[in-house]
Amino acid sequence: MRRPSGWVWPFVISLLCTLWANSYVVMFFFYPVYLRKVGLEPWWIGLAMGSFYGATAVVRPTGGVALERMGWRRTAFLSFALMFLSSLGVFGARGPVGVLASRVLGGFGYGLALVALTAYQSVVVPARARGGSFAWVSVCYVLPQVVFLPLVEISFARDFHLPYRASFSIFSLLFLVFSLRLREVGEVELEEGVGLGDWGGFGELLRTEGLFVYLFASFLFGAINGTVLMFTSTLASERGLSSSLFLSLNALVAMSARVFGNSLLNRANRFLWLGPSMGAMVAALGLLPAASTNLQMAAVSALYGLGMAVSFPFVLAMASDLVPLRLRPKASSLAWVFMDLSWLLVPLLVGAVSSSWGVSSAFRLVFVSSIPSLAVLELLLVSLARRYATR
């Protein structure tokens, strides 16, 4: 085994792995548009899009365990194989069965990759650098939206789909290339000594103080974010507004805040700032149905981006803040399951309400439901902050 190295370079490589995995999944934002162009029925399109999140939810619990048992490189290669097979289906599939299979395989591969990456980062990043480091992780989630989606939109406007169809394979291969350069956990100097046989079990994890708060925060964040990302385009189209303006601007604001405010995020008390930052997201969720111009949509997008800039990296960092190192891979897996669960339930709720009262009413219902949920979360977070301040 190689001599243990510092954490910075492995973390940088893990960021690039995160970037390419999320570039792969961001391409699916335009998949419904592409499938309509090739003549797939709307019912099949909806099923294909939803199946991805079902697949990620199924595989998430195995991501942390795979990192523990198989190591990073074997886990990454399995993730790559699933994503690459999915990309071949995206390139060639036109029928509903092939499209559905491609989405399911992609969900398995992406879900496994992201849980393993989050677990890896939660293990190797020291406490002094968590806020800023996970802010950089969050940048890698939104950067593909800013860079690649406008290019896809341009190519679609010209009915030139070949680069789009090939992009899934390209991003899968880039993920593999950088994954093979990433050191195993045992080859990195850690804050706490842990060997590959020292990982704890789920029973011990469930007894960890603060775990419920972490899972509750993950679920609530996912419910708010899922509503906005999945249904803002529908809300905007009903009013003749630009949905791409909202998606691109909030990603740009979030990315800029994370880059230029990185040192502040490192110093901030994550327990005390997570609630207010999610409050900004909830406020934007409530304001979206009232936006009647693109200027108003842009203002709400900026507010949402500021909330996202803080809340997402702080949710990701909670596993490291609350859970001993030997339990972090499993904690990350469990948190992603709760996020995926919210992404599965939100479309059912919004779809049911929208069919009778419209998508604006669905947004208002999620907004009203989020207020007491956020109040409870804030009380729990303040209590955690006080307990950890006395240690």
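Listed here are the helices (runs of 4 or more DSSP H) enclosed by the stretch 1-93 that have at least 2 residues being at pLDDT below 80, buried (at least 18 other Cβ atoms within 10 Å of the Cβ) and not hydrophobic (A, V, I, L, M, F, W, C): 42-70.
To keep it simple, each residue is scored yes or no on (1) buried (at least 23 other Cβ atoms within 10 Å of the Cβ); (2) in the same structural domain as GLY46 (by TED's automatic domain parsing); (3) at negative phi.
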position	(1), (2), (3)
GLY98	no, yes, yes
ARG103	yes, yes, yes
GLY106	yes, yes, yes
GLY111	yes, yes, yes
ALA116	yes, yes, yes
ALA119	yes, yes, yes
SER122	yes, yes, yes
GLY132	no, no, yes
ALA135	yes, no, yes
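Considering the stretch 351-376 alone, what residues qualify as being among the hydrophobic types (A, V, I, L, M, F, W, C) and not in a helix (DSSP H, G or I)? None - no residue of the stretch 351-376 is among the hydrophobic types (A, V, I, L, M, F, W, C) and not in a helix (DSSP H, G or I), so the list stays empty. Touching a helix residue (DSSP H, G or I) at 6+ places or on another chain (Cβ under 8 Å), of a type in the set (A, V, I, L, M) and either at pLDDT 80 or above or surrounded by 24 or more Cβ atoms within 10 Å (Cβ to Cβ) (or both): is that true of ALA385 in this structure? Against the criterion (touching a helix residue (DSSP H, G or I) at 6+ places or on another chain (Cβ under 8 Å), of a type in the set (A, V, I, L, M) and either at pLDDT 80 or above or surrounded by 24 or more Cβ atoms within 10 Å (Cβ to Cβ) (or both)), ALA385 qualifies. Residue count for the stretch 264-282 satisfying the condition of being surrounded by fewer than 17 Cβ atoms within 10 Å (Cβ to Cβ) and at pLDDT 85 or above: 2. Among residues of the stretch 275-302 that are closer than 15 Å to LEU241 by Cβ and without any contact (Cβ under 8 Å) to a residue 12 or more places away in the chain, those with a Cβ under 9 angstrom from a residue that is of a type in the set (Gly, Ala, Ser) and part of a helix (DSSP H, G or I), sequence gap 6+ or separate chain, pair up as ALA290/SER360; GLN296/ALA290.
The set of residues from the stretch 41-60 being free of Cβ contacts under 8 Å to residues at least 40 places away in the same chain and among the aromatic types (Phe, Trp, Tyr) comprises just one member, TRP43.
Determine if the stretch 156-165 includes at least one residue that is touching a residue at least 60 places away in the same chain (Cβ under 8 Å), on the phi < 0 side of the Ramachandran plot, buried (at least 22 other Cβ atoms within 10 Å of the Cβ) and not assigned by TED's automatic domain parsing to the domain that holds ARG258. Checked the stretch 156-165: no residue is touching a residue at least 60 places away in the same chain (Cβ under 8 Å), on the phi < 0 side of the Ramachandran plot, buried (at least 22 other Cβ atoms within 10 Å of the Cβ) and not assigned by TED's automatic domain parsing to the domain that holds ARG258.
Is it the case that the stretch 301-315 has a residue that's out of contact with any Pro (no Cβ under 9 Å at 6 or more places or on another chain), assigned to a helix (DSSP H, G or I) and more than 17 Å from TYR141 (Cβ to Cβ)? Looking through the stretch 301-315, at least one residue is out of contact with any Pro (no Cβ under 9 Å at 6 or more places or on another chain), assigned to a helix (DSSP H, G or I) and more than 17 Å from TYR141 (Cβ to Cβ). Could you go through the stretch 341-356 and let me know if any residue there is in the same structural domain as ARG258 (by TED's automatic domain parsing) and buried (at least 24 other Cβ atoms within 10 Å of the Cβ). Among the residues of the stretch 341-356, not one is in the same structural domain as ARG258 (by TED's automatic domain parsing) and buried (at least 24 other Cβ atoms within 10 Å of the Cβ), which makes the answer no. Exactly one residue out of PRO329, PRO313 is touching an Asp or Glu at 6+ places or on another chain (Cβ under 7 Å) and buried (at least 24 other Cβ atoms within 10 Å of the Cβ): that is PRO329. For the residues VAL300, VAL315, VAL310, the requirement of being over 30 Å from GLU204 (Cα atoms) and β-branched (Val, Ile, Thr) singles out VAL300. Only one entry of PHE338, PHE367 meets the criterion of being modelled with pLDDT of 90 or more, touching a helix residue (DSSP H, G or I) at 6+ places or on another chain (Cβ under 6 Å), of a type in the set (A, V, I, L, M, F, W, C) and surrounded by fewer than 23 Cβ atoms within 10 Å (Cβ to Cβ), and that entry is PHE367. Taking helices (runs of 4 or more DSSP H) as the structural unit, those lying wholly within the stretch 180-260 and holding at least 1 residues that are in contact with a helix residue (DSSP H, G or I) (Cβ under 8 Å, 6 or more places away or on another chain), farther than 20 Å from PHE338 by Cα and at pLDDT 75 or above correspond to 211-238, 243-260.
The values are calculated or read from the model by the stated rules, or taken from the named source; none is laboratory data. Computed from a predicted model, the values in this text were never measured in an experiment. Virtual Cβ from ideal backbone geometry, glycine too; neighbours counted across all protein chains shown.
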